[in-house]
Amino acid sequence: MNIIYEDDDLLVADKPSGVYVHAAPGHESGSLAEEFVKHCPQAASVGSVSRPGVVHRLDADTTGVIVFAKTQSAYLALRKQFESHKDIQKTYLAVCHGAPKPPAGTVDAPVGRERLRAISHYNTLARSGSLALVRFDIETGRQHQIRIHAKGLGHPIAGDKLYGDSAADRRLRRKPARTLLHAVELSFIHPTTQKRVTFSAPPPADIVYAM
């Protein structure tokens, strides 16, 4: 694990691409949770046996900051924050096809089969050819939220096989091997100190060189 921070309550890591956060059908081994338990055997029963220490998820393709709970009390406190979205601040970087107009704004649109409300604030940071680097700050944490909202803006994330534009991907000088989405920063209230903590991870090479 590429550990960013660790104390008695939690572990923060920089998740690589292609790794599942926890075991899933067809991906029973090699998950980040499995590596977490190898590093912290005492946390094997925190949360659930199938998802030890897992308080939130990132898609397999998505890179960046993720936090695991090392104790049951930390798990419960962090899960409460992630479920309520009250004290959690999440920032992502996405490489999109084209730049949104206006260059900054808010998307408030439901996602998923249950049509749950999802809110994403976006800001275009840079442009290079047909691509744009867009920052997303999300108020909610719905599954595939940023990917769906980027598509809704008319500027899907490069490399996204589910919500993206495969023809636009093929025209790129460097065809993306994954969805170019990175969890660059995560901020929350520490479950023990009750102070706000913020962690970040630099974008990987495929995002840097896409621009």
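The values are calculated or read from the model by the stated rules, or taken from the named source; none is laboratory data. Predicted model only: the values in this text are computed from it and were never measured. Please note: Cβ atoms are built from the backbone with ideal geometry, for glycine as well, and neighbour counts cover all protein chains shown. The accessibility values were calculated without ligands, DNA or RNA, using every heavy atom of the protein model including side chains. Shrake-Rupley method; radii C 1.70, N 1.55, O 1.52, S 1.80 Å.
Filtered by the rule that a residue be over 22 Å from residue 168 (Cβ atoms) and either among the basic types (Lys, Arg) or open to solvent by 70 Å² or more (accessible area, probe 1.4 Å) (or both), segment 97-115 gives 106, 108, 113, 114, 115. For first residues located in segment 125-147 and over 17 Å from residue 162 (Cβ atoms), partners that are part of a helix (DSSP H, G or I) and open to solvent by 40 Å² or more (accessible area, probe 1.4 Å) and lie 6+ apart or on another chain with Cβ distances below 8 Å form the pairs 130/171. Checking each residue in segment 65-95 for being in contact with a Leu (Cβ under 7 Å, 6 or more places away or on another chain) and under 27 Å from residue 159 (Cα atoms) picks out 65, 66, 67, 90, 92, 93, 94, 95.
Within segment 96-119, the set of residues being in a strand (DSSP E or B) and either in contact with a Leu (Cβ under 9 Å, 6 or more places away or on another chain) or of a type in the set (A, V, I, L, M) (or both) comprises 96, 97, 104, 105, 107, 111, 116, 119. Of the set (1) under 19 Å from residue 148 (Cβ atoms); (2) out of contact with any Gly (no Cβ under 8 Å at 6 or more places or on another chain), all apply to residue 60 but (2). Can you tell me which residue in segment 18-41 is farthest from residue 71 (Cα to Cα), limited to those that are touching a His at 6+ places or on another chain (Cβ under 6 Å) and in a loop (DSSP other than H, G, I, E, B)? If we take residues in segment 18-41 being touching a His at 6+ places or on another chain (Cβ under 6 Å) and in a loop (DSSP other than H, G, I, E, B), then 20 is farthest from residue 71 (Cα to Cα). Considering segment 1-17, and only residues there that are touching an Asp or Glu at 6+ places or on another chain (Cβ under 8 Å), modelled with pLDDT of 95 or more and assigned to a loop (DSSP other than H, G, I, E, B), the residue that is surrounded by the fewest Cβ atoms within 10 Å (Cβ to Cβ) turns out to be 2. In a strand (DSSP E or B) and in contact (Cβ under 8 Å) with a residue 60 or more places away in the chain - does that describe any residue in segment 75-85? Checked against the condition, which is being in a strand (DSSP E or B) and in contact (Cβ under 8 Å) with a residue 60 or more places away in the chain, segment 75-85 yields no hits at all.
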